[in-house]
1. Looking at this structure, is Arg153 under 30 Å from Ala262 (Cβ atoms), part of a helix (DSSP H, G or I) and either modelled with pLDDT of 95 or more or open to solvent by 30 Å² or more (accessible area, probe 1.4 Å) (or both)?
2. Which ones in the stretch 250-288 are over 20 Å from Thr56 (Cβ atoms) and buried (at least 22 other Cβ atoms within 10 Å of the Cβ)?
3. Checking Glu113 against (1) part of a helix (DSSP H, G or I); (2) buried (at least 20 other Cβ atoms within 10 Å of the Cβ): exactly one of these is not met. Which one?
4. Could you please find all residues in the stretch 294-352 being in a strand (DSSP E or B), open to solvent by less than 30 Å² (accessible area, probe 1.4 Å) and of a type in the set (Gly, Ala, Ser)?
5. Restricting attention to the stretch 194-211, does a residue exist that is in contact (Cβ under 8 Å) with a residue 40 or more places away in the chain and small (Gly, Ala, Ser)?
6. Among the residues of the stretch 77-98, which ones are in contact (Cβ under 8 Å) with a residue 40 or more places away in the chain and not hydroxyl-bearing (Ser, Thr, Tyr)?
7. Kindly indicate whether any position in the stretch 80-98 is over 28 Å from Leu25 (Cβ atoms), surrounded by fewer than 24 Cβ atoms within 10 Å (Cβ to Cβ) and within 20 Å of the chain's Cα centre (by Cα).
8. Quick one: in the stretch 47-76, of everything that is among the aliphatic types (A, V, I, L, M) and touching a residue at least 40 places away in the same chain (Cβ under 8 Å), which residue is surrounded by the most Cβ atoms within 10 Å (Cβ to Cβ)?
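The values are calculated or read from the model by the stated rules, or taken from the named source; none is laboratory data. Just so it is clear, the structure is predicted and the values come from calculations on it, not from any experiment. Here Cβ is always computed from backbone atoms with ideal geometry, including for glycine, and neighbour counts include all displayed protein chains. These area figures cover heavy atoms from the full protein model, side chains too; ligands, DNA and RNA do not enter into them. Shrake-Rupley method; radii C 1.70, N 1.55, O 1.52, S 1.80 Å.
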Amino acid sequence: MNDRDLHGRLIGQQGGREAFNTPVLVIDLDRLERNISAMAAFAKAHGVALRPHAKTHKSVDIARLQKQAGAVGNCCAKLGEAETLAEGGIDSILITSPVVSAPAIARLAALNEKIRDLRVVVDNPRNLADLAQAAATGRPLQIVIDIDPGIRRTGVRDAAAAVEIAAAATAAPAINYLGVQFYCGREQHVEAFKDRREALQDRTAFLREVIAALTAEGYPPGVVTGGGTGTHLIDVELGVLNELQVGSYVFMDRQYNDCEIAPDGSPVFETSLFVDARVVSANTPGMATIDSGFKALATDGGPPAIASGAPEASIFHFMGDEHAALVSPDDRFEIGTRVSLVVPHCDPTVNLYDFYHVVRGDTLVDIWPVSARGASR
């Protein structure tokens, strides 16, 4: 039985959130809408394009809300995500990871024929040649050169390599060179704003060198895309990026809430994503067992924060695949109590669920599919 069958009858019922079969993935729609509006207004005020990253939410419904608020399109980490968003009507997509295998390149070329504006990153001349060959009999393929900011994950490592790819792309009839991508993933979660700003200044100095080299050789990048939720304020201050790839701002997980997003430490966005769990056992004094363990929450970011449903001093401990413990000196746990958790890392947690339960207050207003769940190819 899927979530629509379980909970569809609750839509519109005041207080229906209390009746959820748990664990469930919950969006506070009021907060989500405010986050989307705030980032769109920020990008507009600073004259940068907004291309939010859909790897965070994997949702056609949220991508549409972002587009309605002024986003130029979306980013996707994987080709499968891009195909899903395209089927949902999103017609401007940047794929931020290289597409390399022959079957994937064939799918990429097919997708390029279907939507208005498809872009893909490249960091290797051989991959560029394969893309050019695949696009030779159809529409030209738009490419963005991925620049490694020091993570050693993807991206060219120096200006010379960027120039080599730009030259090859410009010479290929089936390729349109647009610009560069520079995503400082490691810097997003530096907790202190001052330290994060210093780290990003250093990395941006490298980006300036690459752009200068490309420009000197006749390949100035029209698009300079990157940035993230943790650095968006600094990105616009430094003034190099002209397109923001922010993602987690829509949800604000515990990892981002642990960071000073603003220089004064004040919150910039609101937490809008939760996992609702329930106390299923409370036989040990000072401890309760809830029905949400490793299968309900991504564990790479540590434990979740407890938003509601437990004494203030409660501590969360994973207890296995299906369960977790809430421990508190205040022995007031009762079975059946709903406990809302702030997820530690939103992206992989979202990928554990088929549906979002969308609420205003405690009223379920809709159930949205996690459209691109599992679209890892």
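1. no
2. Residues satisfying the conditions are Ala277, Ala288.
3. Among (1) part of a helix (DSSP H, G or I); (2) buried (at least 20 other Cβ atoms within 10 Å of the Cβ), the lone unmet condition for Glu113 is (2).
4. Hits for the stretch 294-352 are Ala324, Ala325, Ser340.
5. no
6. Correct list: Lys78, Leu79, Gly80, Glu81, Glu83, Leu85, Gly88, Leu94, Pro98.
7. yes
8. Per the stated criteria, the residue is Ala54.
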